[in-house]
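The values are calculated or read from the model by the stated rules, or taken from the named source; none is laboratory data. Remember, it's a predicted structure, so these values are computed and weren't measured experimentally. Reconstructed Cβ throughout: ideal geometry from the backbone, glycine too, with neighbour counts over all protein chains shown. Side chains included, ligands, DNA and RNA excluded: accessible areas come from the protein's heavy atoms. Shrake-Rupley method; radii C 1.70, N 1.55, O 1.52, S 1.80 Å.
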Amino acid sequence: MRDTDPVDVDRHVTDIWNTVLDVGAHESEATFGELGGTALAALRMAAQIRDRLGVAVDLATLLHDGTLDALLGQVRARALSEM
């Protein structure tokens, strides 16, 4: 993983979530689907996380009404396992 600081990981993933879904921080409790997430958006998000952090994410986490918290948990767990 390129950046192992948990605060930075959360910041990067949150930034990617907000940018891809075009939402603000006040919508952090909503699910990917509720925010209008599509399969293409999930692919874009996964690619950006991989490029920025070097971590692969499971698209099912997003596509099955995943939340930002669920995505953060997955990225953190995978980052730790790759250390």
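Below, the figures for the structure above:
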item: For Val55, distant residues with modelled amide H under 5 Å away; result: Arg50
item: Virtual paramagnetic centre 7 Å along Cα→Cβ of Asp8, amide N under 14 Å, in region 36-54; result: 52-54
item: Under Karplus coefficients 6.51, -1.76 and 1.60, residue-wise ³J(HN,Hα) of region 57-73 in Hz, glycine/proline x; result: 10, 7, 4, 4, 4, 7, 6, 9, 6, x, 9, 4, 4, 5, 5, 4, x
item: Ala56 paired with Asp69, simple spin-label distance in nm, labels 7 Å along Cα-to-beta-carbon; result: 2.8 nm
item: Accessible area of the chain divided out per residue, in Å², using a probe of 1.4 angstrom; result: 55 Å²
item: Per-q log10 I(q)/I(0), the chain, q = 0.19 Å⁻¹ (Debye; single scatterer per alpha-carbon; no solvent); result: -0.73
